[in-house]
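This report refers to the structure that appears directly beneath it.
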Amino acid sequence: MNDTRAPLTAALRAMDTAAYIAKHHKTGIAHAKGDRDMVTDLDIEIERVVRARLKQDAPDVAFLGEEESPASSTKNLTWALDPIDGTANLVHNIPLYAISLALVQEDRPLLGIIDLPMLGQRYWAAQGQGAWLRGKRIQVSRRDRLADAMVTIGDYAVGSDAAAQNRLRLNITAELARQVLRVRMLGSAAIDLAWLAEGKTDACILLSNKPWDTAAGVIIAAEAGAQVVDLDGSRHTMRSKAAIAAVPGLIAEIISLIHRSQTVDSDRALWSQTRPPSIVPDDG
């Protein structure tokens, strides 16, 4: 798609409606949808309203929402929506949550909008048009030393395999704590990427890559000058395993830090296999 003006207009109109609902409607009941994971009535209401609005304005574009199954499409275009990114924050009356909407073509976002209803901030970007907040173009910071960097990391995993998944997260957290200015966990991938784009933070490490979580933030961060890559440093797509984003002066060090954190587990596993058995006293 060469011209994003029409879909951007449709997305902004849908986001206006979503933000109004978020600010003026009650959260409702929080329903469990997994181990330490939840969805509220507000999540569901926003998703249904945005889906219906976009269906009117762009009937041939598929829709992928976090809370409902995707619709079919006649084209290689899909809307990706997280109606509330940061539901746990919302439920605990922490205003760090966002509505995240992107238009994805094949495996890359063409445009993205992130709205922070309680903070009155809306970020948007379209391919080749830069990243914007309140009518002003935004850019990432110019920091190039880890010791000066504010780095965010995504939530720790939950679910049946959380312990295994969190080993790498904990290793990375330890490495960050040893080297960077400060580590923050904001509880919203959309905010992680938007604040990187604005220059509030300098890198973010998201060890998952669900399109509704990351698509909008990825294009906003990239259009603001961030480099966004997969876990191995390759170019980021919606098929990537992770979303690692940083200012150009830090991306190589961040990837190196992640690789060292992965090696820690390998070294521990090797040590556990080769160490001599414990000596048990002979009770005679």
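General observations
- Rotationally averaged projected area of the chain (alpha carbon convex hull; nm²): 18.3
- Folded to 0 to 90 degrees: helix 189-198 orientation relative to the chain principal axis, Cα: 80
- Cα-based radius of gyration for segment 208-260, normalised by 2.2 N^0.38 Å, reads 1.04.
- Normalised by the number of residues in segment 185-258, the mean separation of alpha-carbon contacts (under 8 Å, six or more apart) gives a relative contact order of 33 percent.
- Hull volume per residue, based on the alpha-carbon atoms of segment 33-182 and their convex hull, is 162 Å³.
- Of the three principal axes defined by the Cα atoms of segment 106-147, the extents in descending order read 34, 32, 18 Å.
- Nearest 10 degrees, 0 to 90: helix 41-57 Cα axis against the chain principal axis: 50
- Packing-based ranking, highest mean first, of 116-126, 145-155 given that Cβ atoms within 10 Å are counted: 116-126, 145-155
- Relative to the dominant Cα principal axis of the chain, helix 162-179 is inclined by about 80°.
- Full extension of the chain between ARG182 and ASP57 yields a length gain of 40.7 nm, computed as 0.36 nm times the residue separation minus the alpha carbon distance.
- Residue pairs, from the table LYS23/LYS241; LYS23/LYS55; LYS200/LYS241; LYS23/LYS136, whose Cα atoms sit over 29 Å apart: LYS23/LYS241
- Volume per residue that the Cα convex hull of segment 151-273 spans, once the total is divided by residue count, Å³: 105
- Cα gyration tensor, segment 141-194 - rounded (a/c under 1.5), prolate or oblate: oblate
- Ligands, DNA and RNA are left out, and with a 1.4 angstrom probe the accessible area of the chain is 50 Å² per residue.
The values are calculated or read from the model by the stated rules, or taken from the named source; none is laboratory data. These numbers come from a predicted model, not from an experiment. Please note: Cβ atoms are built from the backbone with ideal geometry, for glycine as well, and neighbour counts cover all protein chains shown. Remember, those area values only see protein heavy atoms, side chains included, never the ligands or the DNA or RNA. Shrake-Rupley method; radii C 1.70, N 1.55, O 1.52, S 1.80 Å.
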